[in-house]
Amino acid sequence: MESKLQLDQLNVHFGASHAVKGVSLDFPANTVTAIIGPSGCGKSTVLRSINRMHDLVPGARVTGKILLDDEDVYGKKVDPVAVRRRIGMVFQKANPFPAMSIYDNVISGYKLNGRVNKGEMDVIVESSLKRVALWDEVKDRLKSSAMALSGGQQQRLCIARTVAVQPEVILMDEPCSALDPIATLKIEELIAELKEQYTVVIVTHNMQQAARVSDCTAFLYLGELIEFDVTKKIFTNPAKSQTEDYITGRFG
Amino acid sequence: MSEPVSLIDTRVVKGDLLFKWIIFSLAAAVLLILLVMVVAMVRESLPSIRQFGAKFIVGREWDAVKGDFGALDFLYGSVISSVLALLLATPLSVGAALFITEIAPRRVGEIIAPIIELLAAIPSVIYGLWGVLVMAPWLQQSIQPWLIEHLGFLPFFQGAPYGVSMLAAVFILMIMVIPIITSITKEVLMAVPVSQKEAAYALGATRWEMFRMALIPYARSGVLGAVILGLGRAIGETMAVTMVIGNTPQISLSLLAPGYTMPSVIANEFAETTSKLHSSALMEIGLILLVVTLIINALARLLIWSVTRGDTGARA
């Protein structure tokens, strides 16, 4: 399968601590790849390297290559803003803009493109909300505050906001960890649909979730990549004993 | 086996109770002082309130000899000087706060912030002294002639350059409220959750776009609170304004003309009141000032509180 995104010897340091140690991974296009591992194993750190979120953290240092369509995201002349437009991100806790309406939240990222007309925005808002199966629930109150939505709806709104920018890759950092099981199920169904159009990378500490939604799974432990394979293989017949110990719940 | 100890130790309970009442009465005393002050001011203002009624607020006559008192000129002076000072100070302060919290390296911000806050600790008489000895002559010699020459067609910049003027009061007040607005805005900006900033950045926002999308809307009401708190400070400021505004009761559109404010007239006239009615009229101005500043402060605290306790933040 053609790879959309490649990590090549990724290392991340925060001051003196070495959080990610020489991780190399290939994310095939139009698939869902899960990154699993115990807390503190560096899985979120890997995810945040991909769209250069560490640029915002003083003291963080990223080395190695991250290739998006064979172009290094950390290349000398690369603008992190342009990277983030092509690689969207959904966070652990839904973070809609509280001062904006549902409509304005969805369109907020798209508007950064510059001058956009009302008709165009209407189309984007509707298609993005439909994409995340939120349209029917909110179409009559697009102008009301995003804060009036439930937690699960807010998270889907955030996904709609990310989708509206029309990225190629969507990174998800434990997107369901603050949600109840029903809301979680909806997001998982959504992830399966998103991969038709996007390459999805999801960090999760819920192994059942990784097994349910992903095509490939990477297991990280103490900042190192232990094993990377198709999800089915990882969960039924892992090559490494550490992986087996983790997925069977012997530690983590 | 020893005797079972009673769970009720009367000595400790009594001690706690006494302590509680001491603390309570100390706290109550503070409120009591405020109450006594308001009651005294109302009582002292009564002759003036009875005599002039609403005319006190809309009247422009201030004649101690004839015993005719209307406070409109002072109200006008207070409102105009404070509001203009805030219009100038707000962008400067918000800019400074954004620089300290978001742009400057942490070390630099940690040095600049206390220096700005130190400005608030300078006694206002020193601002006044500097204003009247340094700033006013400078205004008279360079700024005001320039304004008259280039913007003199506007009613705001007409007349002769006196130095001491409404403009001087506006500048002095602007300098005096900048530290307050800056330090509170800084607190409010720091209370904005990182998740909000990340949301904007992850959508591909530049730093400026992040300010506009995430930071400013979230902090909006708190910044407004900071500005209103600055207004409360500006409207009550006495010494520095009295020294530079020229103390002439008049309503002039021109900022180059001298004016007069409510605190200034109280400070200038209380020692030489000519009649019971005169001191009562001054007391009524004081009462108006007190009520206005109390309302302003309450409103400001409410707005700031709504941001810093995270009320507008994301609820799961």
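Brief remarks on what is shown
- Taking the stretch B:62-76 as the range and being loosely packed, with under 14 Cβ neighbours inside 10 Å and either of a type in the set (A, V, I, L, M) or in a helix (DSSP H, G or I) (or both) as the test, only B:Val65 passes.
- Test result for A:Lys195, farther than 29 Å from B:Tyr218 by Cα and among the basic types (Lys, Arg): yes
- Options A:Met53, A:Met89, A:Met1; residue that is hydrophobic (A, V, I, L, M, F, W, C), at pLDDT below 90 and under 21 Å from the mean Cα position of the chain (by Cα): A:Met1
- Counted residues, the stretch B:79-110 - those being away from every other protein chain (no Cβ under 14 Å) and either of a type outside the set (Gly, Ala, Ser) or more than 15 Å from B:Val227 (Cβ to Cβ) (or both): 15
- Within the stretch A:71-81, the presence of at least one residue that is facing chain B (nearest Cβ under 9 Å), without any contact (Cβ under 8 Å) to a residue 40 or more places away in the chain and in contact with a helix residue (DSSP H, G or I) (Cβ under 9 Å, 6 or more places away or on another chain) is confirmed.
- Residue that is among the charged types (D, E, K, R) and buried (at least 18 other Cβ atoms within 10 Å of the Cβ), where the choices are B:Glu284, B:Glu272: B:Glu284
- Test set (1) closer than 27 Å to B:Thr238 by Cα; (2) modelled with pLDDT under 95; (3) surrounded by fewer than 16 Cβ atoms within 10 Å (Cβ to Cβ) - B:Ile103 fails condition number: (1)
- All of (1) surrounded by 15 or more Cβ atoms within 10 Å (Cβ to Cβ); (2) more than 8 Å from every other protein chain (Cβ to nearest Cβ); (3) closer than 28 Å to B:Val108 by Cα hold for A:Ile87 with one exception: (3).
- Residue in the stretch B:45-61 that is without any contact (Cβ under 8 Å) to a residue 12 or more places away in the chain, part of a helix (DSSP H, G or I), surrounded by 10 or more Cβ atoms within 10 Å (Cβ to Cβ) and not basic (Lys, Arg) present: no
- Residue list for the stretch A:211-232, restricted to those being in contact with a Cys (Cβ under 9 Å, 6 or more places away or on another chain) and outside any strand (DSSP E or B): A:Leu222, A:Gly223, A:Thr231
- Wholly enclosed helices (runs of 4 or more DSSP H) of the stretch B:184-259 bearing at least 1 residues surrounded by 19 or more Cβ atoms within 10 Å (Cβ to Cβ) and within 14 Å of chain A (Cβ to nearest Cβ): B:194-202, B:207-210, B:216-236
- Annotation note: of A:Glu120, A:Glu174, the sole residue that is in contact with a strand residue (DSSP E or B) (Cβ under 6 Å, 6 or more places away or on another chain) and among the charged types (D, E, K, R) is A:Glu174.
- Strands (runs of 3 or more DSSP E) fully within the stretch A:1-85 that include at least 1 residues being among the basic types (Lys, Arg): A:3-14, A:17-28, A:60-68.
The values are calculated or read from the model by the stated rules, or taken from the named source; none is laboratory data. What you see is a predicted model; the values in this text were computed from it and never measured. Virtual Cβ from ideal backbone geometry, glycine too; neighbours counted across all protein chains shown.
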